Amino acid sequence: MQQHPYTEKKDTRSGFGAGLSELGRSNPDVVGLCADLTGSLKMDAFQKEHPERFFQVGIAEANMMGIAAGLTIGGKIPFTGTFANFSTGRVYDQIRQSIAYSGKNVKICASHAGLTLGEDGATHQILEDIGLMKMLPGMVVINPCDFNQTKAATIAVAKHKGPVYLRFGRPAVPNFTPADQKFEIGKAVMMNEGKDISIFATGHLVWKAIEACEALEKEGISAEIINIHTIKPLDHQAVIASVKKTGCVVTAEEHQENGGLGDSIAQLLARELPSPLEMVAVKDSFGESGTPDQLMKKYGLDSPDIVKAAKKALSRKSK
């Protein structure tokens, strides 16, 4: 097991804020829009440094998407900011019609995604957003794992021409990827090489997968951990190469089982390399109020759940 030390915990939304601030200083075409949640999205530094390039639209998310689409016509690169629930479900029609259909260069930046939003409860804990966004033709879907990767992803998406959905979260989580990393859209990252089982994880579940890998190693099971930060386009080559080696799979995500990363990998493997596969994800359920740790445990998204899924997949593996 490769060592992935970290010295601090940081929230991924702050990684977005740091990346946006850096972009603001280096790219005069970058503009920010927010729906009355500037502090929560950590967009305040950008607003302070570039007030002429920041638009506070108020609680009018659909209008924000329309304004963002219009700004691209003049060559601007708009980054919209609000909670993931309001960034997708509330404004799906506007994203589909005004942004995705015409391939507008809008970066839809969504904080407070998944169960780890915590005490705000089921109405705010969107667990369907990855599915909604990956179904839109031409939409890139990115779900980074920690502060450093979120910052790098934010900077990288400004260079990509076309619509992007960038998903991140509220809680402080281990910050374990390199600060100087090069973020490549659509290129998975090998976290640990193994030979017995492939674990493909995204977002907050990458660290949980690393913890699971350590537990499995103590039982003599060699797990390969791959960080799928870009769900669409999926890194087909990395997935197939890993599964050819290991022969069985676990996917891990803070999202509904239906429509998420697991679905994408299952489709690929069904076509090209049928293999035993188990999904660690929310099982057709809404969330509820609670601390992030309580919810991750209750809904089966913790490192012991990944260990359990790995053993189940291994039991189905051809001898």
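What follows draws every value from the coordinates through simple rules; no lab data is involved. From a predicted model like this one, the values you see are computed outputs, not experimental measurements. A quick note on method: Cβ atoms are made from the backbone with ideal geometry, for glycine too, and the neighbour counts reach across all protein chains shown.
Brief remarks follow.
- Cross-link pairs LYS76/LYS297; LYS10/LYS244; LYS42/LYS208; LYS42/LYS308; LYS161/LYS244 - those with Cα-Cα distance over 31 Å: LYS76/LYS297; LYS10/LYS244; LYS42/LYS308; LYS161/LYS244
- Dipole axis of the chain (+1 Lys, Arg; -1 Asp, Glu on Cβ), positive-most option in ILE210, GLN181, ILE73: ILE73
- Computed over the chain with a Gaussian network model linking Cα atoms closer than 10 Å, the most mobile of LEU166, LEU234, LEU136 is LEU136.
- Relative to the dominant Cα principal axis of the chain, helix 236-246 is inclined by about 20°.
- GNM flexibility winner over the chain from ALA201, ALA113, ALA270 (Cα, springs under 10 Å): ALA270
- The chain, relative contact order [Cα under 8 Å, separation at least 6], %: 18
- Working from label points 7 Å from Cα in the Cα-to-Cβ sense, the ASP36 to GLU8 distance is 3.3 nm.
- Candidates SER242, SER26, SER275, ranked by Gaussian network fluctuation over the chain, Cα under 10 Å, top entry: SER26
- Volume in Å³ per residue [convex hull over Cα atoms, computed for segment 104-206]: 124
- Evaluated at q = 0.12 Å⁻¹, the base-10 log of the normalised Debye intensity for segment 9-174, with identical point scatterers placed on the Cα atoms, takes the values -0.43.
- With bins 5 Å wide beginning at 0, the percent of Cα pairs of segment 189-315 falling in each bin runs 2, 12, 24, 26, 20, 10, 4, 1, 0.
- For the chain, a simple Cβ point-charge model (Lys and Arg +1, Asp and Glu -1, everything else neutral) yields a dipole of about 720 debye relative to the Cα centre.
- Segment 8-25 - phi-based ³J(HN,Hα) in whole Hz, Karplus 6.51/-1.76/1.60, Gly and Pro as x: 7, 10, 9, 7, 5, 4, 5, x, 4, x, 5, x, 5, 4, 5, 4, x, 7
- Protection proxy ranking of 11-22, 61-72 - average other beta-carbon atoms within 10 Å, highest first: 11-22, 61-72
- Simple rule: put +1 on each Lys or Arg Cβ and -1 on each Asp or Glu Cβ in segment 9-174, find the dipole, and look at GLY32, SER111, HIS160; the Cα lying farthest toward the positive end is HIS160.
- Summarising the strand pairing of the chain, around 20 percent of its internal DSSP beta bridges are antiparallel.
- Karplus-derived 3J(HN,Hα) values for segment 187-199, using 6.51 cos²θ - 1.76 cosθ + 1.60 with θ = phi - 60°, are 10, 5, 10, 6, 9, 7, 7, x, 10, 9, 7, 9, 10 Hz; glycine and proline are entered as x.
- The ranking of TYR92, TYR165 by Cβ neighbour count inside 10 Å, starting from the fewest, reads TYR92, TYR165.
- Across the chain, the fraction of Cα-Cα pairs farther apart than 29 Å, rounded to a whole number, is 32%.
- Computed [θ] at 222 nm, helices only, for the chain once each DSSP H run of length n ≥ 4 contributes -39500 (n - 2.57): -10500 deg cm²/dmol
- Mean projected area (nm²) of the alpha-carbon convex hull when segment 224-298 is viewed from all directions: 5.5
- Amide proton proximity set for MET191, modelled H, under 5 Å, gap of 5+: ILE225, ILE226, ASN227
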